[in-house]
Amino acid sequence: MKRRALSRGMALPIVLLLAAIMLVTASAWLQTSLVAARTTVAARERVQAFHAADSALIRCSRMLSTALPATGPADQEPARWRLKASFEGASALAVAPYASWPYAVRAPQCLIETWPRSGQPVTSYLVTARGFGATSQTEAWLQLQIDSANGKLTQQWRRVAAKPF
């Protein structure tokens with residue numbers, strides 16, 4: 001009898017402890033799944049912005065006749081693509097090769113600049129494309145350098161790591 005009297009009332013604290021452990025575990029799983037969902041949505045938006053910029057880059061690379069004349073010294077990379085005024089506002093020089101882009105907040109844009117080379121019979125262009133995702137904060141920037149020498153085209157593309165403005 002004495003043993004039974006000592007264990008009386010122990011079931012409730014054990015059940016409450018197990019319920020608390022299950023609640024904490026469920027809360028952690030919920031937080032993990034919310035973070036995973038946010039990460040998935042952000043990755044999808046980045047990929048969408050990248051595809052918009054890539055498509056604009058391809059289309060604009062075919063429109064080299066609309067290139068802006070060089071403004072800087074020879075052998076220096078064009079800098080208009082770093083200016084906000086080149087892409088936004090009434091005096092924007094960038095073109096939108098597509099009227100709209102599916103699931104994007106804005107249509108992709110591109111800017112074509114002539115890249116002067118001194119002492120070389122090379123015509124160079126810098127094509128900068130900007131694509132958007134579902135929100136205005138989601139942007140992707142891509143660039144394509146096109147060199148034309150003796151009828152031969154050379155293309156090198158690069159991803160702009162950070163928004164220039």
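Pick from 93, 57, 34: which is over 14 Å from residue 131 (Cβ atoms) and surrounded by 11 or more Cβ atoms within 10 Å (Cβ to Cβ)?
Details: 57 fails: over 14 Å from residue 131 (Cβ atoms); 34 fails: surrounded by 11 or more Cβ atoms within 10 Å (Cβ to Cβ).
Going through 93, 57, 34 in turn, just one is over 14 Å from residue 131 (Cβ atoms) and surrounded by 11 or more Cβ atoms within 10 Å (Cβ to Cβ): 93.
Evaluate the range 72-80: report whether one residue or more is of a type outside the set (Lys, Arg), under 18 Å from the mean Cα position of the chain (by Cα) and farther than 14 Å from residue 126 by Cα. First the steps, then the outcome.
Here is the first cut: in the range 72-80, the residues of a type outside the set (Lys, Arg) are 72-79.
Filter once more, so that each one left must be under 18 Å from the mean Cα position of the chain (by Cα): none.
Taking every residue of the range 72-80 in turn, none turns out to be of a type outside the set (Lys, Arg), under 18 Å from the mean Cα position of the chain (by Cα) and farther than 14 Å from residue 126 by Cα.
For the range 43-70, which positions are under 18 Å from the mean Cα position of the chain (by Cα) and more than 20 Å from residue 105 (Cα to Cα)?
The one that is under 18 Å from the mean Cα position of the chain (by Cα) and more than 20 Å from residue 105 (Cα to Cα): 58.
Among the strands (runs of 3 or more DSSP E) lying completely within the range 99-165, list those that include at least 1 residues that are surrounded by 11 or more Cβ atoms within 10 Å (Cβ to Cβ) and among the acidic types (Asp, Glu). Reasoning before the result, please.
Numbers: elements: 109-115, 123-132, 139-149, 152-160.
Ranges flagged: 109-115, 139-149.
Where a number appears in this text, it was derived from the coordinates with a stated rule and is not lab data. No experiment lies behind these values; they were computed from the predicted model shown. Methodologically, a virtual Cβ is constructed for each residue, glycine included, from the backbone with ideal geometry; neighbour enumeration extends over all protein chains shown.
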